[in-house]
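What follows is calculated from the coordinates using simple rules that are stated; it is not laboratory data. Note that the structure is predicted; figures quoted are calculated from it, not measured. Note that we place each Cβ from the backbone using ideal geometry, even for glycine, and neighbour counts take in every protein chain shown.
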């Protein structure tokens, strides 16, 4: 019947074969097959002299590298020492119960992990590289599992873009997108442009300019002629307007960009310098404004004295978060 146990090639059983000289008692070092004698425990060796198994009292084996016969051998006697390798089950990691590897591990094939990889994880070497994906036509991503919110960084393979977004699903709420040509877009970055659908006629002093024609409002922060800052930051705000029928009898006329932190007044007009009421006049305002979360920004018309006859025609108000 064929042998079905552990293969001797795995080091479980090793035979050392020596040919004795006259009176030789000590056997060690390289044998007839150039194998160097080594054993861990004398209880796990068998010593044969000319095919006869010796009992432990016939020899001494204490060094781990030599066996000494009590009686010298005869010339050309065959001395065989069979070593049964001793191994420690305690130095293994259990398949069922797990454990800890306390030294380096090299994996020549594919390493599959089910469950968590506990930090810290260090990628070393002269050129540390972590590759995610196998050049296949599929999306790949890293998910950051937070307490209140999850975030992801991933490759949208169909769009050939790198995306940073909210949640664990790639592409559902993209915050920043890098395309293959290096263009960077921020789909939810606060940005707006609004205008007027008609003329605001005969406005009086301290009137808020009404903006009711939204061109775009990227983050939904503009309503009721007012921009509301979603986060604390620095915002670029600008306003252009054309007015009709300035009253030359007014002491002064101006527009203000009014935010919760401060009011911006770039210029003021004294219509009294004109011989008659100017038919058209333009104002522009542009400012880099500091705003706190929930602060507001709106455009206000003011006129001191004169009649309420000014018409606010074409006007645009825009802004975006800078930093």
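When Rg and Dmax are taken over the Cα atoms of the chain, they come to 44.3, 140 Å. Sequence-distant contacts, meaning Cα pairs under 8 Å at least 6 residues apart, place the relative contact order of the chain at 14 percent. List the residues of region 158-174 whose backbone N lies under 11 Å from a point placed 7 Å from the Cα of residue 134 along the Cα-to-Cβ direction. Label zone hits: none. In whole Å, how far is the Cα centre of region 92-150 from that of region 230-304? After rounding, the separation between the Cα centres reads 59 Å.
Take every Cα pair under 8 Å whose residues are at least 6 apart in sequence, average their separation, divide by the length of region 10-84, and the relative contact order is 48 percent. Our summary gives region 191-321 a relative contact order of 43 percent, counting only alpha carbon pairs under 8 angstrom and 6 or more residues apart. Our estimate of slack between residue 17 and residue 157, defined as 0.36 nm per intervening residue step minus the Cα-Cα distance, is 43.9 nm. Ordering 169, 110 from the fewest to the most neighbouring beta carbons within 10 Å gives 110, 169.
Zone of residue 217 (label point 7 Å along Cα→Cβ, backbone N under 17 Å): which residues in region 228-254? Inside the label zone: 228-231, 238. Binning the alpha carbon pair distances of region 229-323 at 10 angstrom intervals from zero yields the distribution 16, 43, 26, 13, 2, expressed in whole percent.
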